[in-house]
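See below for the structure under consideration.
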Amino acid sequence: MTSPVVLDTNIVLDLWVFSDTATWPLMRGLQDANLRWLATPAMRDELARVLTYPHIATRLNFYKLHAEQVLAAFDNHAHIVAAPPKASVTCKDPDDQKFIDLAVAHHALLLSKDNAVLSMRKRLLALSVTAQAAMN
């Protein structure tokens with residue numbers, strides 16, 4: 001059975017730009033179709049915007065990547081779904097709420113390195129969502 005997963009933008013960058021070794025189990029799960037990456041159009045828009053930040057553009061150049069390649073990887077692996085209604089829990093960082101809402105709506109694993117998200121672990125677990133920084 002395929003497990004749903006929601007990835008925040010920093011995890012996507014670690015996966016497709018930085019090739020962080022912590023994302024290797026995630027990559028295997030996506031490639032083996034054991035994980036179903038759920039995303040909304042707003043999440044793709046955020047990634048596109050972040051890829052234009054000067055410090056990220058510098059890293060893209062260092063790794064000989066283009067923003068279009070990262071967005072193509074997003075498009076090839078993410079399953080785009082409609083934005084769900086707001087969850088019953090609220091994140092301190094409004095930019096992260098969309099990830100929480102989607103994870104709660106689909107009872108998905110939520111991968112994030114954001115402290116505002118990770119500080120909500122207990123409240124999210126009560127809603128059948130595990131929030132963690134990396135795949136085990």
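If the condition is being more than 17 Å from residue 26 (Cα to Cα) and surrounded by 20 or more Cβ atoms within 10 Å (Cβ to Cβ), then the range 107-128 contributes 114, 117, 120, 124. Each residue in the range 60-75 was checked for being open to solvent by 20 Å² or more (accessible area, probe 1.4 Å) and under 14 Å from the mean Cα position of the chain (by Cα), and 2 of them qualify. Within the range 24-44, the set of residues being in contact (Cβ under 8 Å) with a residue 12 or more places away in the chain and of a type in the set (Lys, Arg) comprises 36, 44. Residues satisfying the criterion are absent from the range 33-44 (criterion: in a helix (DSSP H, G or I) and under 17 Å from residue 132 (Cα atoms)).
Restricting attention to the range 13-31, the residues that are within 11 Å of the chain's Cα centre (by Cα) and open to solvent by 60 Å² or more (accessible area, probe 1.4 Å) total 0. For the range 102-136, the set of residues classified as assigned to a strand (DSSP E or B) and of a type in the set (A, V, I, L, M, F, W, C) consists of 109, 110, 111, 131, listed by residue number.
The values are calculated or read from the model by the stated rules, or taken from the named source; none is laboratory data. This one's a predicted model, so the numbers in the text were calculated from it and none came from an experiment. Virtual Cβ from ideal backbone geometry, glycine too; neighbours counted across all protein chains shown. The area values use the complete protein model at the heavy-atom level, side chains included, leaving out ligands, DNA and RNA. Shrake-Rupley method; radii C 1.70, N 1.55, O 1.52, S 1.80 Å.
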